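Report on one structure; see the data block that follows.
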Amino acid sequence: MKICVINFSGNVGKSIVSQHLLKPRIKNSEIISVESINSDGTNDEKIRGKRFTDIANRVLDIENIIVDVGASNVEDFLYQMKQSIGSQEDFDYFLVPTILKNKQIIDTVATIDTLNDTGIEKERIRVIFNMIDEDTRLLYDFKEIFNCKHVATISEDIIIYENELFNRLHEILDFESISALAHDDTDFKALIQSTEDKTKRSEYITKLGLKRLSIGVERMLDKTYSQLMK
Ligand SMILES: Nc1ncnc2c1ncn2[C@@H]1O[C@H](COP(=O)(O)OP(=O)(O)O)[C@@H](O)[C@H]1O
Ligand SMILES: [Mg+2]
């Protein structure tokens, strides 16, 4: 499976989707982050032809790949893809995460339009509604996006709820994956009781809290993934 995660806007959750929704559920997959791929270690604003070729070659070479296109590179990436006839056919899906903010909604519609102009069919363009909470009325709040239904696959069921876990994973020093955390069978309660050391106690308390959050998040992401790949 080859997936491109893309949006003209930053902060829509492209990296969260790549790392926590896709990578753990696609066997032997790897992520290329287009922002960091240049071999000379510099951070160019633009993906020049050669760099696009490097990315396109890796997409051909690696069976299961997730390409996370950083916002500042999207325009250039899509331009190069349009020039390189047939390269868009290498991807099974173009996933477009979006959030409930004006700029991001406008940019999401522009992203969908550009993908459509590049010749990518409706089936391969899929929107993921991200950072959703109970107050969100999807059909109303994202109506501009639902208006793109003729050119992209848009479903109320492809959603990721807002969860503090995503912003707290750095609190775990040996973090591996949300799934590993959810299935960690360490008896944290016993560990908490076993020590008077304040630092240790607080470390165990934090980890138990995050483990509890991760169980719910893993279930949610399983559902999102199965709706996404329907
Ligand atoms: N579902 C979510 N719930 C809570 N925070 C989220 C969620 N999705 C993304 N975030 C947070 O929003 C910020 C932007 O997400 P990120 O994946 O880095 O976006 P992008 O790669 O599109 O710029 C990060 O701090 C991330 O942790
Ligand atoms: Mg990112």
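The values are calculated or read from the model by the stated rules, or taken from the named source; none is laboratory data. Everything numeric here is computed off the predicted structure, so don't read it as measured data. Counting neighbours? That spans all protein chains shown, and the Cβs are built from the backbone with ideal geometry, glycine included. Each accessible area value is taken on the protein alone, full model and side chains, heavy atoms only, with ligands, DNA and RNA left out. Shrake-Rupley method; radii C 1.70, N 1.55, O 1.52, S 1.80 Å.
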Sort through L138, L100 and tell me the only one that's without any contact (Cβ under 8 Å) to a residue 60 or more places away in the chain and either open to solvent by 40 Å² or more (accessible area, probe 1.4 Å) or touching a Lys or Arg at 6+ places or on another chain (Cβ under 8 Å) (or both). L100
Kindly indicate whether E156 is surrounded by fewer than 16 Cβ atoms within 10 Å (Cβ to Cβ), in contact with a strand residue (DSSP E or B) (Cβ under 7 Å, 6 or more places away or on another chain) and in contact (Cβ under 8 Å) with a residue 12 or more places away in the chain. no
Any residue that is surrounded by 12 or more Cβ atoms within 10 Å (Cβ to Cβ) and under 17 Å from the mean Cα position of the chain (by Cα) - is there at least one of those in the range 188-199? no
Among (1) more than 16 Å from ligand 2 (Cβ to nearest atom); (2) without any contact (Cβ under 8 Å) to a residue 12 or more places away in the chain; (3) in a helix (DSSP H, G or I) - the single one E144 does not satisfy: (2)
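Name every residue in the range 24-72 that is assigned to a loop (DSSP other than H, G, I, E, B), at pLDDT 95 or above and open to solvent by less than 70 Å² (accessible area, probe 1.4 Å), in order of residue number.
Let us first name the residues in the range 24-72 that are assigned to a loop (DSSP other than H, G, I, E, B), namely 26-29, 37-48, 62-64, 69-70.
Retained after the next criterion (residues that are at pLDDT 95 or above): 26-29, 62-64.
The answer is I26, S29, I62, N64.
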The conditions are (1) in a helix (DSSP H, G or I); (2) open to solvent by less than 60 Å² (accessible area, probe 1.4 Å), and D184 fails exactly one of them. Which is it? (1)
Go through (1) over 16 Å from P24 (Cβ atoms); (2) out of contact with any Leu (no Cβ under 6 Å at 6 or more places or on another chain); (3) away from ligand 1 (no atom under 16 Å from the Cβ) for M229 and report which single condition fails. (1)
